[in-house]
Amino acid sequence: METTSINDIKDIIPYYKKKLRKQKRIEESQINYILQESDGFVPQEPNSDLSSVQNDIQDYNTILNTLRREINEFTVSYFVPEFNMTLDELEMYQKDLSNRCNRLSEMAKKSPLTRNILEVRFVTHFYTNYDIDEVKKEYIELSEERDRVKRVLDDIYENVEFEPKYFEFVYDEVEEEEEEEEEEAYLSIFDDFDPFDDI
């Protein structure tokens, strides 16, 4: 079996998500199919086979879950010596750093004293109960660490290869392009849609 990288798997996932969305639309149209009967009119049954469509939906869900499983099993087992963590721990560390940096960025933008413009009867103020300079210093340190983590993760995602256990990565790129064109064509019918046109 050929080796692959995490980015290779992530590139394939959208392809199967699109195929899944298409089959779900077909399924929905079959479930909600309305037979209009009138004098002299012979209703026709829909062309699609609902059971076949539902089987496809199940298959695509299985494929997507398998792809996610491949990623998960690799991330929990791959060790990153630079940080003395497994890959999944490093990903969680990156999220924690990002959340902390976002919070520190908000805190650093505060003024030591801000008038409360929502209070109209009395003049009141908001005080920052922390050292803004210390917050800015901590933000710089953590943002540098966050960027270092991102560089390591990007390198692992792109260059570290492993052998998939559950899935053989074979798909038709031409078919993928056709799926994308069909998806865009379907979504374009809603561009000028106005639900109040007939009111």
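Taken over the stretch 76-95, the criterion of being without any contact (Cβ under 8 Å) to a residue 60 or more places away in the chain and not small (Gly, Ala, Ser) is satisfied by Val76, Phe79, Pro81, Asn84, Met85, Thr86, Asp88, Glu89, Met92, Tyr93, Gln94, Lys95. How many residues are open to solvent by 40 Å² or more (accessible area, probe 1.4 Å) and of a type outside the set (Gly, Ala, Ser) when one looks only at the stretch 64-87? Counting residues in the stretch 64-87 that are open to solvent by 40 Å² or more (accessible area, probe 1.4 Å) and of a type outside the set (Gly, Ala, Ser) gives 12.
The values are calculated or read from the model by the stated rules, or taken from the named source; none is laboratory data. Not measured: the values here are computed from a predicted model. Glycine also receives a Cβ, built like all others from the backbone with ideal geometry; neighbour counts cover every protein chain displayed. Keep in mind that these areas ignore ligands, DNA and RNA; they rest on the heavy atoms of the full protein, side chains included. Shrake-Rupley method; radii C 1.70, N 1.55, O 1.52, S 1.80 Å.
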